[in-house]
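The values are calculated or read from the model by the stated rules, or taken from the named source; none is laboratory data. Since we're looking at a predicted model, the values are computed, not measured. As a convention, Cβ positions derive from the backbone with ideal geometry for all residues, glycine included, and neighbour counts pool all protein chains shown. In case anyone asks, the SASA skips ligands and DNA or RNA and just uses the protein heavy atoms, side chains included. Shrake-Rupley method; radii C 1.70, N 1.55, O 1.52, S 1.80 Å.
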Amino acid sequence: MSELSPHSPLSVSELNRQVRRLLEVSFMQVWVTGEISNFSCPSSGHWYFSLKDDKAQVRCAMFRNRNMFVKQRPRDGEAVTLRAKVSLYEGRGEFQLIAEGMELAGEGELRRAFEELKLKLSREGLFEESRKRPLPAMPKQVGVITSPTGAAVRDILTVLKRRFPAIPVLLFPVPVQGKEAGPAIVAAIASANRLNACDVLIVGRGGGSLEDLWAFNEEPVARAIAASAIPIVSAVGHETDITIADLVADLRAPTPSAAAEKVSPDQAEWKHRFLVYEQRLGAAAQRLLRQEGMRLNQLRERLKHPGRRLQESAQRLDDLEMRLHRQAQNLLSARRNQLTHLHDRLLASSPKQSLKNRYATVDALDHRLQTAVLSVLRHKSQHFAKLCGHMEAVSPIATLARGYAIVSDENGQIIRSEKEVRTGQKVKARLSDGEIHCEVIAPA
């Protein structure tokens, strides 16, 4: 056997944890398009499904706090676009996407409208590079047209403050979503041009669905940007979001933060004045960062984000719930088979069959009894007839049949001698077939 590595081997759970961290750091956020399959929604309200195309598929999870904002629950076979984080389900070592947003296939109408307007404005030359103006190298004031409460304005102000805090910022607050957003943006561009207080304008907002960003795809907004005398930087959504405003603007920035980077000057020319201070400060900062980085890594190893733990626990709970459901179904099927077997055995040992057999035995015995009784009766009848024959032979009735008679007086006393009668006495003579009444005329 080969010798083991001197390094301590990783446990499976530790390996999965490190792979998950690597994936989540390498892919901050992605947009993925595909077809829904194997969709399931357990009692927790979380969604689990696969996203596939004709060559591959990937497992996905969309937790309840996110899918509650999707207007319509997706179905198997439906094409969608996901905004998701790349991750790994540590419990099974399964690569998956954690969906943060979903666009259903019904947004195709907006896509067609987008392409039609894009083609129209392109033919008019509004996208030509020749008409786009360069940005000022050192703007005296930067105008920002966006929502005053969104993340975009905070990102812009943060970046400007970091790169060149001396540049003043003038905010033109507008809604960036909904029916009123387009007219408000057009009015803000016109107002900024009338004031003529800014050298450059940043127009934009944070990311979202195609419907969320639609105000920046409206024709009046595009024409207002093209007509502006002040150079405009479009900063709509994330790097993958492309709007009509991006194509018409003098410069397109992938994000609001990137727009702030592009309009603020480079401070390299100022660096030589502060080089010594920067080196000393940088060294101290590096030491502090190393110390805090080591401390942060130690804490990160010990601490898992509660949201992540809740998500993993919820996913594991759903997994256990589905396994429990399958086990219950298997157990119920086994109990049904056992019940059927016991029912068959019960029918086989039922007293009905025993009683049926007993009834058959009783019927057989009854038949034998009747046969035996008839046989005895025949035998007794024959014997009786024989005795009757003997009796007939010695019977007085038989004697009477030969011409004799039995004479009795009126009281039924047998008269055996002529001395027992008198003249005129009433007597009865018993013959073989009846009686006759006689009167004695005279003794013989």
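Here's the yes/no breakdown for (1) free of Cβ contacts under 8 Å to residues at least 24 places away in the same chain; (2) over 17 Å from Gly143 (Cα atoms); (3) of a type in the set (Asp, Glu); (4) part of a loop (DSSP other than H, G, I, E, B):
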| position | (1), (2), (3), (4) |
| --- | --- |
| Ile230 | no, no, no, yes |
| Ser234 | no, no, no, no |
| His238 | no, yes, no, yes |
| Ile242 | yes, yes, no, yes |
| Pro254 | yes, yes, no, yes |
| Ser257 | no, no, no, no |
| Ala260 | no, no, no, no |
| Pro265 | no, no, no, yes |
Among (1) touching a Cys at 6+ places or on another chain (Cβ under 9 Å); (2) assigned to a helix (DSSP H, G or I); (3) not hydroxyl-bearing (Ser, Thr, Tyr), Val427 falls short only on (2)
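Conditions (1) closer than 19 Å to Val221 by Cβ; (2) not hydrophobic (A, V, I, L, M, F, W, C), marked per residue:
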{"site": "Ser122", "(1), (2)": "yes, yes"}
{"site": "Asp155", "(1), (2)": "no, yes"}
{"site": "Leu160", "(1), (2)": "no, no"}
{"site": "Val169", "(1), (2)": "no, no"}
{"site": "Gly182", "(1), (2)": "yes, yes"}
Could you pull out the residue among Ala364, Ala393, Ala398, Ala334 that is modelled with pLDDT under 80, in a helix (DSSP H, G or I), open to solvent by less than 90 Å² (accessible area, probe 1.4 Å) and over 30 Å from Ala442 (Cα atoms)? Ala393
Qualifying positions in the range 303-312 - open to solvent by less than 70 Å² (accessible area, probe 1.4 Å), free of Cβ contacts under 8 Å to residues at least 12 places away in the same chain and not basic (Lys, Arg): Gly307
Number of the exception - Arg92 against (1) open to solvent by less than 40 Å² (accessible area, probe 1.4 Å); (2) part of a loop (DSSP other than H, G, I, E, B); (3) within 30 Å of Ile36 (Cα to Cα): (1)
Test Cys438 against the stated conditions and say whether it is in a strand (DSSP E or B) and either hydrophobic (A, V, I, L, M, F, W, C) or modelled with pLDDT of 80 or more (or both). yes
Long-range neighbours under 8 Å by Cβ, at least six apart or interchain, first residue under 23 Å from Glu94 (Cβ atoms) within the range 59-77, second open to solvent by 70 Å² or more (accessible area, probe 1.4 Å) and polar (S, T, N, Q): Asp76/Asn38
Among (1) out of contact with any Asp or Glu (no Cβ under 7 Å at 6 or more places or on another chain); (2) more than 23 Å from Leu210 (Cα to Cα) - the single one Ser13 does not satisfy: (1)
So Val407 clears everything in (1) touching a residue at least 60 places away in the same chain (Cβ under 8 Å); (2) assigned to a strand (DSSP E or B) except one condition, right? Which one? (1)
Return yes when Phe69 is of a type in the set (A, V, I, L, M, F, W, C) and open to solvent by 70 Å² or more (accessible area, probe 1.4 Å) and no when it is not. yes
Pairs please, first residue from the range 325-353 and in contact (Cβ under 8 Å) with a residue 60 or more places away in the chain and at negative phi, second anywhere and in a helix (DSSP H, G or I) and open to solvent by 90 Å² or more (accessible area, probe 1.4 Å), Cβ atoms under 6 Å, 6+ apart in sequence or on different chains. none
For the range 214-233, what are the residues that are open to solvent by less than 10 Å² (accessible area, probe 1.4 Å) and touching a Gly at 6+ places or on another chain (Cβ under 6 Å)? Ala215, Val221
